[in-house]
1. Taking A63 and the conditions (1) in contact with a strand residue (DSSP E or B) (Cβ under 8 Å, 6 or more places away or on another chain); (2) closer than 20 Å to L134 by Cβ, which numbered condition does it fall short on, given that it satisfies the others?
2. Quick one: count up the residues across region 44-70 that are over 22 Å from T172 (Cα atoms), touching a residue at least 60 places away in the same chain (Cβ under 8 Å) and among the hydrophobic types (A, V, I, L, M, F, W, C).
3. It is to be established whether one or more residues within region 6-16 are among the small types (G, A, S), under 18 Å from L130 (Cβ atoms) and not in a loop (DSSP other than H, G, I, E, B).
4. With the requirement that a residue be in a helix (DSSP H, G or I) and without any contact (Cβ under 8 Å) to a residue 24 or more places away in the chain, what does region 158-196 give you?
5. For region 50-71, name all the residues that are touching a Gly at 6+ places or on another chain (Cβ under 6 Å) and either closer than 24 Å to A185 by Cα or part of a helix (DSSP H, G or I) (or both).
6. Give all pairs with beta carbons closer than 7 Å in which a residue from region 119-136 that is in contact (Cβ under 8 Å) with a residue 40 or more places away in the chain and closer than 18 Å to Q15 by Cβ meets a residue that is among the small types (G, A, S) and in a helix (DSSP H, G or I); count only pairs at least 6 apart in sequence or on separate chains.
7. Would you call T231 surrounded by fewer than 17 Cβ atoms within 10 Å (Cβ to Cβ), free of Cβ contacts under 8 Å to residues at least 40 places away in the same chain and of a type in the set (S, T, N, Q)?
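Bear in mind that the values in this text are calculations on the coordinates, not laboratory data. Keep in mind it's a predicted model, so treat the numbers as computed, not measured. Every residue, glycine among them, receives a Cβ derived from its backbone with ideal geometry; neighbour counts consider all protein chains shown.
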Amino acid sequence: MSWPDELLARLAPAQATPELSLATLGVVVLTSLVVVLVDPVWRWLRLGVTLVHELGHAVVGVAVGRRFTGFVLRGDMSGHAVTVGPPRGPGRAATTWAGYPAPGIVAVGLVAAVAHRYAALLLAVALAVLLFALPRVRSALTAVVVLAVAAALAALWWWREDTRQAQVLTGTALVLLIGGWRHLATVVTQPSAGSDPGTLRRLTGIPAWVWNASFALALGAATWGVWRLLT
């Protein structure tokens, strides 16, 4: 098979929706809960949720006409994405708002892609986003995380097996969703002026608790969407 045919074969929709038995789904859910709720494991894997958070800022920033110039991830679960553009206005506010809902939105996208047989195509798109972001990393830790995630996605995509892709993407969606709630709980219980809701308060004059409520509504909608798709 030629290279173009090989690539097309790995981008094509699955022939049928991969079946996830109740037992398999139970294992996926249990594993996701262990990853997020067991602190020694979460300490390492929470950087994946932070990565999605920061790329949420970046993607929305680019969509509203800002220029994405760099980002960093830190070991304490925090991160920072830099987009260049007007210091105030709707575009800046939308870019700042996008971080906390991003894990939930991506989770819905992952489960929807599995349900509609587009898991392989979504993996390729996610890999392209990471490759776009790679030249903009601004720390060694950020580079390690991006490269590790990109390598895992590339392996899952290239050595394609539809059921395995469905299992991994469903598990990843649950980790992102639960992790997104955990990140939101942290910013609500440990508020700071430099956090996203604090920045939004300075940009708009709207209290931080309103922005936190909007994050919760977005994550709640994502949770409902994932639940409906899985059931």
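1. Every condition holds for A63 apart from (1).
2. Keep residues of region 44-70 that are over 22 Å from T172 (Cα atoms), which gives 61-70.
With the extra rule that they be touching a residue at least 60 places away in the same chain (Cβ under 8 Å), the set shrinks to 68-70.
Then drop every residue that is not among the hydrophobic types (A, V, I, L, M, F, W, C), which leaves 68.
Residues flagged as over 22 Å from T172 (Cα atoms), touching a residue at least 60 places away in the same chain (Cβ under 8 Å) and among the hydrophobic types (A, V, I, L, M, F, W, C) within region 44-70 amount to 1.
3. Quick first cut of region 6-16, residues among the small types (G, A, S) only: 9, 12, 14, 16.
When the remaining residues are screened for being under 18 Å from L130 (Cβ atoms), the result is none.
Looking through region 6-16, none of the residues is among the small types (G, A, S), under 18 Å from L130 (Cβ atoms) and not in a loop (DSSP other than H, G, I, E, B).
4. Keep residues of region 158-196 that are in a helix (DSSP H, G or I), which gives 158, 162-189, 196.
Scanning region 158-196 gives R164, V168, A185, T189.
5. T50, H53, E54, G56, H57
6. Qualifying pairs under 7 Å: A119/A113; A119/A166; L122/G109; L122/A113.
7. Values: surrounded by fewer than 17 Cβ atoms within 10 Å (Cβ to Cβ): yes; free of Cβ contacts under 8 Å to residues at least 40 places away in the same chain: yes; of a type in the set (S, T, N, Q): yes.
Yes.
Every residue, every condition in (1) closer than 27 Å to V36 by Cα; (2) touching a helix residue (DSSP H, G or I) at 6+ places or on another chain (Cβ under 7 Å), yes or no:
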| position | (1), (2) |
| --- | --- |
| G61 | no, yes |
| R66 | no, yes |
| V111 | yes, yes |
| L122 | yes, yes |
| A148 | yes, no |
